[in-house]
């Protein structure tokens, strides 16, 4: 379409659709989107962008991907591993912008030492920038301003990449130029071993899971972020030309907010391959543990309210919400809200529960209601015990939750989730799980073909329940202490003997 | 400055020259970084080529020599036969005068601090082997978190004292072709009274992938050789019940590859070519489920 034709179309559009129509409002929203952060862009980033462009024009080759690595220098081993993953890339058409964010002097020294360790070829690719201000969004915006790549991705210093991370984006860009490029991600539980000075290091404690292995779906994405940040490559023009930047006022969920502003504008091209692993830390510091629940709730509400405050353009195919892809274990069904209700059903075949025997599924209802329906594979139907982990997160309350078993002969049985063995605290008709990995376990005697757990979930924990649960846990820990247990056991046995003799 | 001698060795099979050069570049960098941190490593890097046709040209060999530090010599040996990993590594280690051997797969990329961390582990008393941590998919076998002690070490990347390698007569190439040779070797090292340590800070990149459902995607050759090795390992380490169970399982409900492995085992048995059983009290060789020791987690197969 030439310029004149484009202008005529715009004029006609403005004539036809007033500001009261949805089309008119949408047009105004898009204009606002490109203008809202202009002042901040001109003040902080324009000069840097121009300098980068000037350098770019002198450079011999265009760069495909700029990878921004955010680091505070606190995770030296993580940063080393992150750089090794980049060294191993099959497509080396990338540059690295290492954004040291609020790094203390000794941490900065550590970062510089790690850079010195790299091969000459790798060192050439890396630019270290130091940012002393702001939220987690600030280093990303600076990274964008320094970026020379046609696309930009953001990778934290504790993520892991497969060797085709860059290659997959590069190939996808041929087909989805201008769109956001989105690849699949595994999640995996990790912990940091710090038992002695010489033996620190990271240790995987669970198998990789296909938690983020589904195509991007704007409607599902309205409720929560299903795309870890490194799963997406953003076209650089969004920052340079449209001046749409990460929101620096957000302490958390800055990635979700940015995706929700950009994906409806540009569209998303899906890469149906797993190119990275998102580490769920069991004992190390991360943004989930640094910021309190209040912050998460507040930002969540703020982002939802923003999304709700303007019309939304849906891409074609948006109705394919329940479509299950062949060869993909994880159902692409409607699941909503925070926390992520993505359940796992484990099977005990007589040797205990393990990551070798499980199936997973997502929530099919809108929160606070949830329903996790598991189809039990034939080989697991006679398992000695079943275990449902309704989600990975702690700090949740399950109300009126029922487990419904469907047997092979078609009969059904239902019972309250609170009747299972569990690692939560039961009070006021609700099950409260304080810690990570809530679990519900029960024994099995018949052939079960389908298991469903249904109920209501909440993260608003009444103060008294929180206190009681904490006290209960303390008491339990005390009672678990070996001396106490032995004393109690011996007193109990004596009482029982006396009672049985008398009777 | 601590000084050590090392031979880095890989058995290659139809690898790309460009991938091998990348691995050499990373190894050379790891030698440089170890020196900066106080361990001066000299010695050699050896590739044993088990491919039908030589992978490297003379120019490429010269290029690789140029990539290594001056204290390191590169040699390239064409076996002229598919030796498998066990025999190939034995041949390469045969004439080494280095105090340590670093056995690694040719597709391994060392992190800069990998060698430094592995040598640090070797300082612990009675340690004969130190294994690196693989990324992006970490091996799932268990290890003692406090000490790093583990039941066996994968030879994807492992540092071994040459004296110990010789004292246990290297890998059992008569029994194992390419799988479980490392488990068997590790168990014999432990049987001789040594420790094996896992060093999670010595990271190496081993390009592996899983399916979208997070499951292994083994090739036919991998299925066949791992089934054959599983039978031989259980027999050699005196777990005859397990051997019988595996044979029954492979023959009754195994795929084509498992059936072939079972038939091959029967043939060996008939020809009296099975290994001599050791560790009859089963103090060292531990089979748990389908694994060779405890695991932290399991990745399912298709």
Any hit, segment B:165-184, residues being touching a strand residue (DSSP E or B) at 6+ places or on another chain (Cβ under 6 Å) and crowded, with 24+ Cβ neighbours inside 10 Å: no
Residue ID - farthest from residue B:216 (Cα to Cα), chosen from residues in segment A:366-390 that are surrounded by 16 or more Cβ atoms within 10 Å (Cβ to Cβ) and either outside the structural domain of residue A:447 (by TED's automatic domain parsing) or without any contact (Cβ under 8 Å) to a residue 60 or more places away in the chain (or both): A:385
I'm told residue A:121 meets every condition in (1) more than 25 Å from residue A:203 (Cα to Cα); (2) away from chain B (no Cβ under 14 Å) except one. Can you identify the failing condition by its number? (2)
Could you pull out every one of the strands (runs of 3 or more DSSP E) wholly within segment A:196-248 that has 1 or more residues that are closer than 27 Å to residue A:299 by Cβ and either within 14 Å of another protein chain (Cβ to nearest Cβ) or in contact with a helix residue (DSSP H, G or I) (Cβ under 8 Å, 6 or more places away or on another chain) (or both)? A:209-212, A:232-235
Residue selected from segment A:51-82 under the condition in a helix (DSSP H, G or I) and touching a strand residue (DSSP E or B) at 6+ places or on another chain (Cβ under 9 Å), by the criterion surrounded by the most Cβ atoms within 10 Å (Cβ to Cβ): A:82
Report those helices (runs of 4 or more DSSP H) wholly inside segment B:76-182 carrying at least 2 residues which are away from chain A (no Cβ under 12 Å) and under 21 Å from residue B:207 (Cα atoms). B:84-93
Sort out for me the helices (runs of 4 or more DSSP H) sitting completely within segment B:191-302 that have 3 or more residues that are more than 14 Å from every other protein chain (Cβ to nearest Cβ), more than 19 Å from the chain's Cα centre (by Cα) and buried (at least 18 other Cβ atoms within 10 Å of the Cβ). B:240-253, B:256-270
Go through segment A:173-187 residue by residue and tally those that are surrounded by 22 or more Cβ atoms within 10 Å (Cβ to Cβ) and either assigned to a helix (DSSP H, G or I) or within 13 Å of chain B (Cβ to nearest Cβ) (or both). 4
Name the residue, out of B:52, B:34, that is assigned by TED's automatic domain parsing to the domain that holds residue B:70 and at pLDDT below 95. B:52
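The values are calculated or read from the model by the stated rules, or taken from the named source; none is laboratory data. Remember, it's a predicted structure, so these values are computed and weren't measured experimentally. Don't worry about glycine lacking a Cβ; one is built from the backbone with ideal geometry, like all the others, and counts go over all protein chains shown.
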